[in-house]
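Accompanying notes for the structure given below.
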Amino acid sequence: MNILPKLSIALILMSSLLLPACSEQGADRSSEVDKRSDTDKNSNKEPATLAENALAQAWDNYNASEQAGFAWVNAKVALNTATWALSEGDFETAIAEANQANSLAESSLAQAAAAQNDWRKHFPKAPAKASSAPNVPEAN
Amino acid sequence: MFTLSALSNLSRPVSIIGGIIVFSYVAIISAPVFAEPTTPGPIVASPSADRQAIRAHYERRFPGIPVEAHKDGAYAIDKKAGEQWLELEDFPPYEIAVDEGEDLFNTPIGDGTYSDCFGDGAVKGQYPYFDEDRSEVVTLELAINDCRSKFGQPTLDYKGAEIVRLSAYIAFVSRDQIINVAEPSSQAALLAYNDGKRFYSSRRGQLNFACSSCHVQLAGNRLRAEKLSASVGHVTHFPVYRLKWQDVGSLHRRFARCNQQVGAEPFARQSPEYRNLEYFLTYISNGLPLNGPAIRK
C-alpha cells in the first residue's frame with residue numbers, strides 16, 4: 001500500500017536529476033554527430049571551395065553586424081586577410097582567418113542583440129520627480 | 001538521516017507535498033531552457049529629465065566642480081593638465097586654421113558668399129537643430145555644404161581640411177554664445193534625440209564599451225595617463241586642435257576615433273548616427289558657453 005508514494009517519489013527524484021544530464025549529453029552527442037558529418041562532408045570538398053564558403057559565411061555575418069551598426073574593426077581586418085590569402089592560394093590561412101572573422105562577427109551580432117535593451121542601464125537614471133515624463137518615442 | 005526508506009513511511013498527503021516540491025524543483029531548473037528572454041519595460045525619460053539626470057550625476061561625481069566648468073573637458077578635473085593647457089593657449093596652434101577659415105569664409109562661392117547664409121559667422125550656437133521639413137538633424141558642417149549647394153558649388157568633403165577650417169572660424173567668432181538647443185518636441189525630433197541617446201549608451205566594439213562607459217560611469221578615472229572627461233561640455237570646444245592629430249579636427253572625427261579605439265567600425269562623418277549623437281550631446285550641454293576651437297591632447 002505504501003509502495004506507490006515510495007515509487008513515485010523515487011521516480012520523480014531520479015528523473016529530476018537525470019533529465020538535465022541526459023539532455024546535455026544528448027545535445028553534446030548530437031552536436032558531435034553534426035560536427036563529424038560536417039567534417040565528413042568537408043573532407044570531400046576542395047580546399048578552395050571550403051575557403052570560399054567560410055569567407056562567404058563570414059561576410060554574411062559581418063554585413064549583418066554592419067547593418068545593425070555594430071561591426072567590429074578586427075572582424076574586417078580578418079576578412080581582408082582571408083580575402084588576400086584566398087587570392088594568394090593560401091587556403092589554410094584563408095579558412096582560419098575567415099573563421100576568426102565569422103566568430104567576431106557573430107559576437108558583434110550578439111552585442112547588437114544585447115544592446116537592444118541593455119543600453120538603458122548605461123545612462124544615469126532620471127530624478128524621481130521627472131519619471132512621470134510623457135511617452136517619448138524611441139528609435140528602433 | 002533523510003533516506004529513501006524514510007520516504008516510504010510517509011503518509012499520502014506528505015508524499016503528495018513532497019512530489020509537488022520535487023516537481024517545482026524540476027520546473028525551476030528547466031525553466032531557463034524554455035523561458036523567453038525577458039525584456040524590461042520601456043524606461044524612457046523626457047530630454048529635460050535626461051539633462052537633469054546627467055547633470056545631477058556629474059554634480060555627485062565631481063563635488064565642488066560646477067557643471068559649467070566641464071566646458072573645458074578633462075581640464076576641469078585635472079588641475080595640472082589644465083595648467084599646461086592654459087600655457088598652450090598663449091600661442092594656440094589652431095590660430096592658423098582660424099585664419100585660413102576666415103579667408104575661406106570671405107571667398108565668394110559661385111554667385112554668393114558664406115555671409116549670405118551665416119551673416120558675420122557667429123552662428124555656431126544655432127547648431128545643431130532638428131529641421132522639421134527635412135526631418136533630420138542639421139549640423140553646422142551640413143549647413144556649410146547646404147550653403148555651397150545653394151550657390152551651385154560642389155559640396156566639401158567632410159574629411160577634408162576646408163570644411164574644418166571654415167567651422168573653426170565660425171566656432172571662433174561664436175565664442176561665449178550659450179548653447180540653447182530647443183527641447184525636441186515633435187515625434188521626429190524625439191526619435192532623433194533618442195537615437196543619439198541610444199547610440200551614446202550602447203556598448204559596441206570588441207572592447208564592449210559605450211560612450212557612457214567612459215564618460216559617465218568612469219568619468220574622472222584615468223585611461224592610461226589621461227583623465228576621462230564628462231560628456232556635458234564635450235561639444236562646446238570643437239573643432240579642436242589635437243596634438244595627436246597635429247591638426248584641427250571635427251567632432252565627428254573624434255566620434256569615429258572613439259569608436260575605433262573600442263574596436264568598433266566607425267560611421268561616416270555627418271552620418272545620421274553621428275548627427276543624432278551630436279544633437280543629443282549638445283542638448284544635454286545646454287546652458288554651457290561655446291569655447292571652440294580648443295587644444296586637446
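For the range B:176-236, the calculated P(r) over all alpha carbon pairs, in 10 Å bins from 0 to the bin holding the longest distance, is 20, 38, 32, 10, 0 percent.
Using a Förster distance of 35 Å, how high is the FRET efficiency between residue A:117 and residue B:83, based on the Cβ-Cβ distance and rounded to 0.05? E between residue A:117 and residue B:83, to the nearest 0.05, is 0.20.
The label-point distance for residue B:187 and residue B:217, in a model that sets each label 7 Å from Cα toward Cβ, rounds to 3.4 nm.
Each label point was placed 7 Å from the Cα along the Cα-to-Cβ direction; for residue A:8 and residue B:120 their separation is 9.1 nm.
Our summary of shape: the Cα atoms of chain B have principal axis extents of 100, 47, 31 Å, ordered from largest down, in whole angstrom.
For the listed residue pairs A:76/A:125; B:150/B:297; A:125/B:71, the alpha carbons are over 32 angstrom apart in A:76/A:125; B:150/B:297. A Cα-only calculation for the range A:53-114 places Rg and Dmax at 11.0, 38 Å. Between 0 and 90 degrees, rounded to the nearest ten: what's the tilt of helix B:272-284 against the longest Cα principal axis of chain B? Taking the Cα atoms of chain B, the angle to B:272-284 is about 90 degrees.
Straight-line cross-link partners of residue B:80 among the aspartates and glutamates, defined as a Cα under 20 Å from its Cα and at least 8 positions apart when in the same chain: B:68, B:72, B:89, B:90, B:226.
Taking Cα atoms only, the orientation of helix B:161-173 departs from the longest principal axis of chain B by about 80 degrees.
On full extension, the segment bounded by residue B:146 and residue B:257 gains 37.4 nm, given 0.36 nm per residue less the C-alpha separation. Within the range B:207-297, report the chymotrypsin sites (Phe, Trp or Tyr not before Pro) that DSSP leaves as loop and that have at most 13 other Cβ atoms within 10 Å. Answer in residue order: B:245. For the range B:86-150, GluC sites (Glu not before Pro) meeting the loop criterion (DSSP other than H, G, I, E, B) and having at most 13 other Cβ atoms within 10 Å: B:89, B:132.
What total accessible area, in Å², is buried where chains A and B meet, using a 1.4 Å probe and rounding to the nearest 100? Mind showing how you got there, number by number?
Values: alone 10820 and 16310 Å², together 23130 Å².
Result for this pair: about 4000 Å² buried.
One compactness figure for the range B:227-297 is 1.08, namely its Cα radius of gyration divided by 2.2 N^0.38 Å. Here is the list for the range B:94-157: trypsin sites (Lys or Arg not before Pro) lying in DSSP coil, each with at most 12 other C-beta atoms within 10 angstrom of its C-beta, are B:134. Taking the longest Cα principal axis of chain B as reference, the axis of helix B:12-34 is set at about 20 degrees.
The values are calculated or read from the model by the stated rules, or taken from the named source; none is laboratory data. Quick caveat, the model's predicted, so the values are computed rather than measured. Cβ coordinates were reconstructed from backbone atoms using ideal geometry, including for glycine residues, and neighbour counts include every protein chain displayed. Note: areas computed on protein heavy atoms with side chains; ligands, DNA, RNA excluded. Shrake-Rupley method; radii C 1.70, N 1.55, O 1.52, S 1.80 Å.
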